[in-house]
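Here's the structure we're looking at; comments come further down.
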């Protein structure tokens with residue numbers, strides 16, 4: 001996580017105010033979460049007095065707290081170096097350090113465990129900052145000197161010691177390099193003690209970091225500690241094309257992620273016949289084109305029809321191979337092809353029971369009678385119903401005749417009014433024409 005995006009910044013000044021111990025796992029490379037920090041030790045047991053200190057680009061070493069200093073994770077400390085002292089950050093403490101030492105095969109009383117001197121003072125931090133600012137320019141100048149001497153090497157990184165009296169140059173080379181003259185020139189140029197340290201291309205990618213083809217940060221710079229050998233057989237087991245541009249990582253070697261799923265592929269491919277086994281039928285011999293390990297399917301083609309692929313399940317292929325071993329040959333491969341039944345694609349269904357969003361837009365009509373106010377219908381005799389119908393019939397006929405007469409009167413009135421309007425408009429137009437003719441004559 002970059003310091004510019006850290007939520008623990010103060011004001012407009014970016015930087016980790018938690019000293020690298022925030023909840024994101026600190027800003028350094030290869031972080032380790034101390035899951036034992038909130039657990040108390042058993043009664044009578046003293047805390048482990050060795051601390052893990054982090055330096056530039058994820059370099060970590062172990063130092064013993066001989067002076068019983070009150071040190072916490074994220075503190076800047078001065079530690080033993082050869083010669084002088086170095087400045088680092090406490091990255092891990094407690095019993096988890098013991099597990100890390102066991103993992104890296106470092107003995108508690110070994111020579112690799114050095115002494116932790118003190119907390120870093122302001123003067124130490126200032127000198128350390130000056131030394132770190134020199135690293136970039138020093139690396140560029142060292143590359144120029146190496147190219148002038150025509151040395152077959154690549155200087156990838158430079159790390160100055162905290163007291164600014166020593167610099168370590170990390171380089172990669174395919175063979176052995178005689179850099180005695182290079183060390184003399186660089187010592188005169190930079191006025192510090194020079195140490196050359198050769199690393200591999202994978203270690204260089206681990207120190208430099210970057211983004212892989214998957215879009216994520218490199219595994220070797222985030223969590224991968226050991227570099228296991230990766231061969232082309234891993235790509236063959238996974239049915240990958242042997243394209244070096246796609247299989248190679250940022251370091252130029254085969255990607256480490258090819259080994260992640262290799263065991264699963266090796267286990268799944270055990271039941272498949274070898275790729276050079278041919279299926280013999282009366283129609284002709286067929287050879288394998290491709291296979292899908294997890295769908296348990298294989299595709300074969302006849303020698304006479306190489307562009308025609310025949311899809312077979314693994315059990316059918318094993319059945320044909322067993323028949324061929326007995327000297328039997330089936331008629332053709334088509335009789336073993338299973339009919340493909342396309343599964344229906346289900347559209348979206350409202351399984352949760354949610355209503356539509358527009359359910360309140362349409363207003364429902366009001367009911368005329370409520371259930372509580374409804375009265376029971378009275379029963380009537382058929383004789384009384386006939387009398388009522390006979391009385392209502394003439395009334396309906398009279399109403400229809402009245403309505404028809406009223407509509408005819410309205411139509412006649414509208415025709416008369418329209419004719420009167422036309423006459424008035426005609427009279428106005430004739431008067432206007434006469435006035436215009438008189439004006440023309442007078443002119």
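Given the peptides 158-170, 113-125, arrange them by the average over their residues of other C-beta atoms within 10 Å, most packed first.
Numbers: 158-170: 20.3, 113-125: 14.9.
Those peptides, ordered most packed to least, come out 158-170, 113-125.
Just subtract the alpha-carbon distance of residue 233 and residue 257 from 0.36 nm times their residue separation and send over the number in nm, one decimal.
Numbers: separation 24, 0.36 × 24 = 8.64 nm, distance 1.35 nm.
Between residue 233 and residue 257, full extension yields 7.3 nm more.
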Which three extents, in angstrom, do the Cα atoms of the stretch 224-268 have along their principal axes, listed largest first? 30, 26, 11
Report the label-to-label distance for residue 420 and residue 264 in nanometres (one decimal), using points 7 Å from each Cα along the Cα→Cβ vector. 9.6 nm
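Hey, any idea what the orientation-averaged projected area of the convex hull of the stretch 85-241's Cα atoms comes to, in nm²? Walk me through the intermediate numbers first.
Numbers: hull surface 54.3 nm².
Value for the stretch 85-241: 13.6 nm².
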Placing one equal point scatterer on each C-alpha of the stretch 130-199 and summing with Debye, one gets log10 I(q)/I(0) at q = 0.13, 0.17, 0.21, 0.28 Å⁻¹ equal to -0.31, -0.54, -0.84, -1.49
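What is the gain in length, in nm to one decimal, between residue 360 and residue 141 on full extension, counting 0.36 nm per residue of separation less the C-alpha to C-alpha distance? Before the final figure, lay out each step's value.
Working: separation 219, 0.36 × 219 = 78.84 nm, distance 7.45 nm.
In short, 71.4 nm is gained.
Pulled fully out, how much extra length does the chain show between residue 323 and residue 289, if you take 0.36 nm times their separation in residues and subtract their Cα-Cα distance? Intermediate results must be reported in sequence, preceding the final value.
Values: separation 34, 0.36 × 34 = 12.24 nm, distance 2.07 nm.
Computed gain between residue 323 and residue 289 is 10.2 nm.
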Stokes-Einstein diffusion coefficient for the stretch 279-336 at 37 °C in a medium of 0.692 mPa s, Rh from the Kirkwood formula over Cα pairs: what value in µm²/s? 288 µm²/s
What's the center-to-center distance, using Cα atoms, between the stretch 31-56 and the stretch 256-275 in Å? 40 Å
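Per residue, how big is the convex hull around the C-alpha atoms of the stretch 237-292? Give it to me in cubic angstrom, could you?
That works out to 96 Å³ per residue.
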Label points 7 Å out from Cα along the Cβ direction at residue 429 and residue 173: separation in nm? 11.3 nm
Centroid-to-centroid separation of the stretch 196-235 and the stretch 99-119 [C-alpha atoms, Å]: 25 Å
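What FRET efficiency comes out for residue 150 versus residue 100 if R0 is 45 angstrom and r is the Cβ-Cβ distance? Round to the nearest 0.05. Don't skip to the end; give the middle numbers.
Values: r = 43 Å, r/R0 = 0.95.
So, using R0 = 45 Å, E works out to roughly 0.60.
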At residue 309 and residue 43, where each label point lies 7 Å from the Cα along Cα→Cβ, what is the point-to-point distance in nanometres? 7.1 nm
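Would you please give the FRET efficiency between residue 118 and residue 242, computed as 1/(1 + (r/R0)^6) with r the Cβ-Cβ distance and R0 = 56 Å, to the nearest 0.05?
So the FRET efficiency works out to roughly 0.50.
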Mind jotting down the three principal axis lengths of the stretch 150-245 based on Cα atoms? Whole angstrom, largest first. 55, 29, 20
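Every number here is computed from the coordinates shown, using simple stated rules; none is lab data. Being a predicted model, the structure only gives us computed values, none of them experimental. Every residue, glycine among them, receives a Cβ derived from its backbone with ideal geometry; neighbour counts consider all protein chains shown.
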